[in-house]
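Heads up, the thing below is written out as structure tokens.
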Amino acid sequence: MKRLKKSLLMGICAVVLLALAACGNGAASGNGDGTIKLKVADSFPTTNYLSTEGISFFMDRVKELTDGKVEFEYYPAEQIGKASSYLDLTLSKTVDIGYTSYATDRLPLSEVATLPGAYNTAEEGSEIIWTLMKDMLMEEEYLKNGVRPLYAVAIPQYQLATAKKKITSLQDIKGLKTRVTGTMELAFDSLGASPVFMPATEAYTAMERGTVDGVTFPFTSFAPYQIESISKYSTKNANLGSFTVIYSINEEVYKNLPDDVKKAFEQAGDETVEHLSKFLDEKNDELIEQFESQVEMYELSEEEVAEWDKALEPTWDRWAAGLDKRGFKGSEVVEKYRALREELKK
């Protein structure tokens, strides 16, 4: 009887230890049939093209490339955490893959593609930043922070949408309370505006309440955040800067994946960069026509564009110098970005 009790006790202890070990392996799990389950989380509404043509496209490709060996649990629209928390959630293995674009305090060099005039099309910008990310930024920024980028896509240049006043000159921008993100905070500060940094999810309410006079957004994000319903005017051809959509996987989780799955992730990442960037460029032109019935869409003159571009030029040096002082390689990443842009033009 004592031996039976001892055997039962040892059996229970073994089960508990196995359970604890499984918990220590993070969110990744399996069904015992060889499948791998990974949790993915972001802040995008499921109607956003960055979801449907971005992370959903990526997950579908991984499933196809692995013949269903990898399965995903997808938590969109801030179901798990706020937009700014996804790096921490990924590091803690609350999720395996997170949308890490807002982790600029620890991943600041990745913002180089968001600087004003960094590229002309999403396809061009995405090719540059993804090449840079797989080269310098992978080691310099991501692996140091315990994560690995799966893909990075530069979205079309942001435009300025306002509720009451049409903005055409630099004088109009002075003192304008504007919702910004990323390096546009520096850009609008350089123009004499009053930039207000906030996630996209808070922009509609801020405009509605008058907390801001205007918001910066790409046309591809207007509908998901209802910007066209709260704005009266919007520029069509300003080079204000943009945003890079980045998804990262916990590096420990990645290292534990089989080699064939790692290869599938790499292929799916490259394909997502190409697919999403092309889609966004095509959609950008379509959406301008679509929103013209709701918002007065206007072009700045060539002289006005040149004037704005000149006023925004110092943003690059100011951004790099600020990072250099903090111990990051701001000037080096700017130099590499510009060299890559020239190289890829050839």
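The values are calculated or read from the model by the stated rules, or taken from the named source; none is laboratory data. Just so it is clear, the model here is predicted, and its values are computed rather than measured. Backbone-built Cβ (ideal geometry, glycine too); neighbour counts: all protein chains shown. Accessible surface is based on the protein model in full, side chains and every heavy atom, while ligands, DNA and RNA are left aside. Shrake-Rupley method; radii C 1.70, N 1.55, O 1.52, S 1.80 Å.
Extending 7 Å from Cα along the Cβ direction at residue 121 and again at residue 209 yields two label points whose distance is 4.1 nm. Ranking 179, 326, 61, 209 from most to least accessible surface, computed with a 1.4 Å probe over the protein chains only, gives 209, 326, 61, 179. Remark on residue 37: its backbone amide H falls under 5 Å from those of 29, 30, 71, a criterion applied only to residues 5 or more positions apart or on other chains, H modelled at 1.01 Å from N. Compute the relative contact order of the chain as a whole-number percentage, counting only Cα pairs closer than 8 Å that sit 6 or more residues apart in sequence. Computed value for the chain: 22 percent relative contact order. Near residue 43, the amide H atoms lying under 5 Å from its own belong to 77, 78; only residues 5 or more places off or on other chains count, and H is placed 1.01 Å from N. For the chain, carbon and sulfur atoms together expose 50% of the accessible surface, with a 1.4 angstrom probe and every protein chain in place. For the stretch 82-94, the Karplus equation 6.51 cos²θ - 1.76 cosθ + 1.60, evaluated at θ = phi - 60°, returns couplings of 7, 4, 7, 9, 6, 5, 5, 5, 6, 5, 7, 6, 5 Hz by residue, with Gly and Pro reported as x. Ranking 242, 56, 176 by Cα position along the charge dipole of the chain, where only Lys, Arg, Asp and Glu carry charges on their C-beta atoms, puts 56 farthest toward the positive end. Spin-label pair residue 47-residue 331: with each label point 7 Å from Cα along the Cα-Cβ axis, the two points sit 4.8 nm from one another.
The stretch between residue 285 and residue 262 holds 4.7 nm of extra length on full extension. This uses 0.36 nm per residue minus the Cα-Cα distance. Let me know the shape class of the stretch 265-346, please: from the alpha-carbon gyration tensor, a ≥ b ≥ c as square roots of the eigenvalues, rounded when a/c is under 1.5, otherwise prolate if a/b is greater than b/c, or oblate. Cα axes put the stretch 265-346 in the oblate bin. The overall shape of the stretch 43-97 is oblate: from the C-alpha gyration tensor, with semi-axes ordered a ≥ b ≥ c, the ratio a/c is 1.5 or greater and a/b is no larger than b/c.
Bridgeable lysines around residue 329 (alpha carbons under 23 Å apart, same-chain partners fewer than 8 residues away excluded): 134, 144. Phi-derived couplings, Karplus 6.51 cos²θ - 1.76 cosθ + 1.60 at θ = phi - 60°, listed residue by residue for the stretch 184-199: 5, 4, 5, 4, 6, 5, 5, 7, x, 7, 10, x, 10, 6, 7, x Hz, with x used for Gly and Pro. Listed values for the stretch 139-145 are Karplus-derived 3J(HN,Hα) couplings in whole Hz (6.51 cos²θ - 1.76 cosθ + 1.60, θ = phi - 60°), namely 7, 6, 10, 7, 4, 5, 9, and x replaces Gly and Pro. Annotation: the chain has a Kirkwood hydrodynamic radius of 21.4 angstrom, from the mean reciprocal C-alpha pair distance. Using only Cα atoms and rounding to the nearest 10 degrees, what angle (0 to 90) does helix 259-291 make with the longest principal axis of the chain? With rounding to tens, the tilt is 30 degrees.
Per-residue extension of 0.36 nm, minus the Cα-Cα distance of residue 82 and residue 271, leaves a gain of 65.3 nm for this segment. Summing Cβ point charges (Lys, Arg +1; Asp, Glu -1) relative to the Cα centre of the stretch 189-346 gives a dipole of roughly 640 debye. Pairs with C-alpha atoms separated by more than 21 Å, drawn from the list 69/263; 37/278; 232/278; 166/283; 69/255, are 37/278; 232/278; 166/283. The angle between the Cα long axis of helix 314-325 and the main principal axis of the chain comes to about 40°, on a 0 to 90 degree scale. Does the stretch 109-236 classify as rounded, prolate or oblate by the C-alpha gyration tensor (a ≥ b ≥ c root eigenvalues; a/c under 1.5 gives rounded; else a/b over b/c gives prolate, otherwise oblate)? It is prolate, given that a/c is not under 1.5 and a/b is the larger ratio. What FRET efficiency would be calculated for the residue pair residue 344, residue 33, taking the C-beta separation as r and a Förster radius of 56 Å, to the nearest 0.05? So, using R0 = 56 Å, E works out to roughly 0.80.
Using a probe of 1.4 Å, the accessible surface attributed to residue 97 totals some 0 Å² when neighbouring protein chains are kept in position.
Helix 56-65 and the longest principal axis of the Cα set of the chain meet at an angle near 40°. Given their separation in residues at 0.36 nm each and the Cα-Cα distance between them, residue 232 and residue 324 gain 29.1 nm when the chain is fully extended.
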